[in-house]
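The values are calculated or read from the model by the stated rules, or taken from the named source; none is laboratory data. Being a predicted model, the structure only gives us computed values, none of them experimental. Glycine gets a Cβ as well: all are built from the backbone with ideal geometry, and neighbour counts include every protein chain shown.
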Amino acid sequence: AADLCASPYRSRVGSLRAVRAEPSSSVAPVGGRKAAAVQAEMVEAAAMWCAMHGLVVGDRGNPRSGTVPDRVSLDGKFLQGSLSRTKQVDDFTARLLEIHAKMMAVNKKEDIRLGLHRSDYMLDSETNSLLQIELNTISTSFPGLGSLVSELHRSSLNQYGEVLGLDSERIPRNWAAIQFAEALGKAWVEYNNESAVVMMVVQAEERNMYDQYWLINHLKESHGVMTIRKTLAQVEAEGLVLPDGTLVLDGRPVAVVYFRAGYAPTDYPSEVEWSARLLIEQSSAIKCPSISYHLVGTKKIQQELAKPSVLERFLDNEEDIAKLRKCFAGLWSLDNEEIVKSAIEKPDLFVLKPQREGGGNNLYGHDLRETLIRLKNEQGEALAAYILMQRIFPRASLTQLVQGGVCFEELSISELGIFGSYLRNKDKVVINNQCGYLMRTKVSSSNEGGVAAGFAVLDSILLT
Ligand code: ADP
Ligand code: MG
Ligand code: MG
């Protein structure tokens, strides 16, 4: 779409699953016309729609371009204990834990807590159940573009639905951007300072800024709240915390710090960035996420929660516990020698995960086997940096994917993310809601799934 969308924009969108064609579709007539002709027309119309509606990312080639979710994060001992071995071998997690420990030591109060999360699932073809891939608690992306893709597909089907025999109304409405902005807006209200702003912490080089600007836009238009964008380095250079805890930037108090950076080691190239993260944590600004929410999103905590009797520590209701467990895939720590042995024997049935975010970090197949053998031979604590997960195999189907305005037909699988927002002020839960969805579709032969990382395309759901 580069040539259709105004430079320096680029669109990357998936196609409707149900619009998939049979292998012979390129010649089969659709509604009296050649399928290929209809497809070409649809791709062009879709690319145009994307440019007109801001469903775009920056062009890499162009530099201009309830109470439940809270319980684990409140259990500081559980977080520190579960991650204690990881800490010894993973410097990044160790730094996060260090900030967390400092906050525990001063008994830091966080009256207002805001979480903007996304829980991701794949449909396991064997059991036909949705199994959780992970829970994202920091820098949860695509509330903006994800909602737009549903609108794009609805618009495509309004025009071509009859020809294709598909009803646009079967695409569920997706209000993720509006609802995330609403949660940020309500958090701002709870902070209760008219002159305060929301601060979005961003990467210096960001391609997904349009996704972020959708939230900034809704915040301003619907809630009258101003957002400033700062990198961690800028926060360190320009920010200060007043004696009463108020975080001040650009001369204005900051009500909410919304992290769209800070989740990866590369976001902390020097001590400057770590000192900014600590400064934010020490302030009274609402952090989305707080350091403890951030840690709850680690793969290690996901694996600990899946161990027998651990959910019982956080939930009383047996039915709730059973429902949650049903979504858990097999998860193991690497001190389980039997599992490590099975994974070396049958690497294709597992995924090896370090404590990282943002896609592209997991190990599969041959790499998984080699890494396990190497880490085992090293003996020390090296294995503690990883967890093992049962590999989920969703059923693949033939799909038409559009990338850069070019349509490919491939066997693909999808990953469904459910956005959720959570806002609490002391004992009052202000919001605890699901907020729409993100569908990502990728070629089934690719292991990883990130859209921003270039492995997947954005997609929609069509209910049948
Ligand atoms: P990240 O935090 O980097 O997004 P994920 O756990 O989501 O880490 O893994 C990245 C991608 O790897 C997922 O989007 C998915 O495509 C694939 N993946 C992760 N876990 C599994 C699994 N258990 N089975 C199959 N694919 C997986
Ligand atoms: Mg993640
Ligand atoms: Mg993920």
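Table: residues versus (1) surrounded by 17 or more Cβ atoms within 10 Å (Cβ to Cβ); (2) away from ligand 1 (no atom under 16 Å from the Cβ).
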residue: Thr140; (1), (2): yes, no
residue: Ser156; (1), (2): yes, yes
residue: Tyr160; (1), (2): yes, yes
residue: Gly185; (1), (2): yes, yes
residue: Glu194; (1), (2): no, yes
residue: Met200; (1), (2): yes, yes
residue: Gln212; (1), (2): yes, yes
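Do we find a residue being in contact with a Lys or Arg (Cβ under 6 Å, 6 or more places away or on another chain) and either within 14 Å of Ile392 (Cα to Cα) or in a loop (DSSP other than H, G, I, E, B) (or both) anywhere in region 361-372? Yes, region 361-372 contains at least one residue that is in contact with a Lys or Arg (Cβ under 6 Å, 6 or more places away or on another chain) and either within 14 Å of Ile392 (Cα to Cα) or in a loop (DSSP other than H, G, I, E, B) (or both). Among the residues of region 195-202, not a single one is in a loop (DSSP other than H, G, I, E, B) and within 16 Å of ligand 2 (Cβ to nearest atom).
Out of the residues in region 343-355 that are of a type outside the set (A, V, I, L, M) and within 16 Å of ligand 3 (Cβ to nearest atom), which is surrounded by the fewest Cβ atoms within 10 Å (Cβ to Cβ)? Looking at residues that are of a type outside the set (A, V, I, L, M) and within 16 Å of ligand 3 (Cβ to nearest atom), I get Pro354. Of all the numbered requirements in (1) more than 11 Å from ligand 1 (Cβ to nearest atom); (2) at pLDDT below 95; (3) surrounded by 13 or more Cβ atoms within 10 Å (Cβ to Cβ), Ser333 misses one, and that requirement is (2). Among the conditions (1) surrounded by 24 or more Cβ atoms within 10 Å (Cβ to Cβ); (2) on the phi > 0 side of the Ramachandran plot, Lys300 misses just one, which is (2). Within the set of pairs 6+ apart or on separate chains, which have a first residue in region 358-384 that is away from ligand 3 (no atom under 16 Å from the Cβ), a second that is assigned to a loop (DSSP other than H, G, I, E, B) and of a type outside the set (Gly, Ala, Ser), and C-beta atoms under 6 Å apart? Within 6 Å, the pairs are Leu383/Leu334. Being aliphatic (A, V, I, L, M), more than 16 Å from ligand 1 (Cβ to nearest atom) and surrounded by fewer than 20 Cβ atoms within 10 Å (Cβ to Cβ) is a property that holds for Leu164. Highlighted here are the helices (runs of 4 or more DSSP H) found entirely within region 30-148 that include at least 3 residues which are within 16 Å of ligand 2 (Cβ to nearest atom): 91-105. Considering region 315-360 alone, what residues qualify as being outside any strand (DSSP E or B), within 16 Å of Ala385 (Cβ to Cβ) and within 16 Å of ligand 2 (Cβ to nearest atom)? The answer is Gln355, Arg356, Glu357. Got at least one residue in region 403-423 being away from ligand 3 (no atom under 16 Å from the Cβ), of a type outside the set (Gly, Ala, Ser), crowded, with 22+ Cβ neighbours inside 10 Å and more than 30 Å from Arg113 (Cβ to Cβ)? No, there is no match, as no residue in region 403-423 is away from ligand 3 (no atom under 16 Å from the Cβ), of a type outside the set (Gly, Ala, Ser), crowded, with 22+ Cβ neighbours inside 10 Å and more than 30 Å from Arg113 (Cβ to Cβ).
Pick from Ala453, Ala385: which is within 16 Å of ligand 2 (Cβ to nearest atom), over 27 Å from Lys326 (Cβ atoms) and either modelled with pLDDT under 90 or of a type outside the set (Val, Ile, Thr) (or both)?
Working: Ala385 fails: within 16 Å of ligand 2 (Cβ to nearest atom).
None of the other options fit; the residue is Ala453.
Selection within region 356-380: residues that are more than 24 Å from Thr266 (Cβ to Cβ) and surrounded by 13 or more Cβ atoms within 10 Å (Cβ to Cβ). The member of this set that is farthest from ligand 1 (Cβ to nearest atom) is Lys376. Scan region 429-451 and give yes if some residue there is outside any strand (DSSP E or B) and at positive phi, otherwise no. No - not one qualifying residue is present in region 429-451.
With the structure loaded, tell me whether Ala343 is over 24 Å from Gly81 (Cα atoms) and within 14 Å of ligand 1 (Cβ to nearest atom) or whether it fails that test.
Details: over 24 Å from Gly81 (Cα atoms): yes; within 14 Å of ligand 1 (Cβ to nearest atom): yes.
Answer is yes for this residue.
Picking from Val235, Val248, which residue would you name as being outside any loop (DSSP other than H, G, I, E, B), at pLDDT 95 or above and touching a Gly at 6+ places or on another chain (Cβ under 9 Å)? Going through Val235, Val248 in turn, just one is outside any loop (DSSP other than H, G, I, E, B), at pLDDT 95 or above and touching a Gly at 6+ places or on another chain (Cβ under 9 Å): Val248.
Any residue in region 252-262 that is more than 24 Å from Thr298 (Cα to Cα), over 22 Å from the mean Cα position of the chain (by Cα) and assigned to a loop (DSSP other than H, G, I, E, B)? The answer is no, given that none of the residues of region 252-262 is more than 24 Å from Thr298 (Cα to Cα), over 22 Å from the mean Cα position of the chain (by Cα) and assigned to a loop (DSSP other than H, G, I, E, B). Please verify whether Phe393 is within 16 Å of ligand 1 (Cβ to nearest atom), over 29 Å from Thr266 (Cα atoms) and within 24 Å of the chain's Cα centre (by Cα), treating the condition exactly as stated. The answer is yes for Phe393.
Of everything in region 97-131 that is within 16 Å of ligand 3 (Cβ to nearest atom) and closer than 30 Å to Gly58 by Cα, the residue that is farthest from the chain's Cα centre (by Cα) is Met122.
Provide a single number: the residues in region 122-138 that are more than 10 Å from ligand 1 (Cβ to nearest atom) and either more than 14 Å from Ile392 (Cβ to Cβ) or not acidic (Asp, Glu) (or both).
Looking only at region 122-138, we keep the residues that are more than 10 Å from ligand 1 (Cβ to nearest atom), and these are 123, 125-130, 137.
Filter once more, so that each one left must be either more than 14 Å from Ile392 (Cβ to Cβ) or not acidic (Asp, Glu) (or both): 123, 125, 127-130, 137.
Residues flagged as more than 10 Å from ligand 1 (Cβ to nearest atom) and either more than 14 Å from Ile392 (Cβ to Cβ) or not acidic (Asp, Glu) (or both) within region 122-138 amount to 7.
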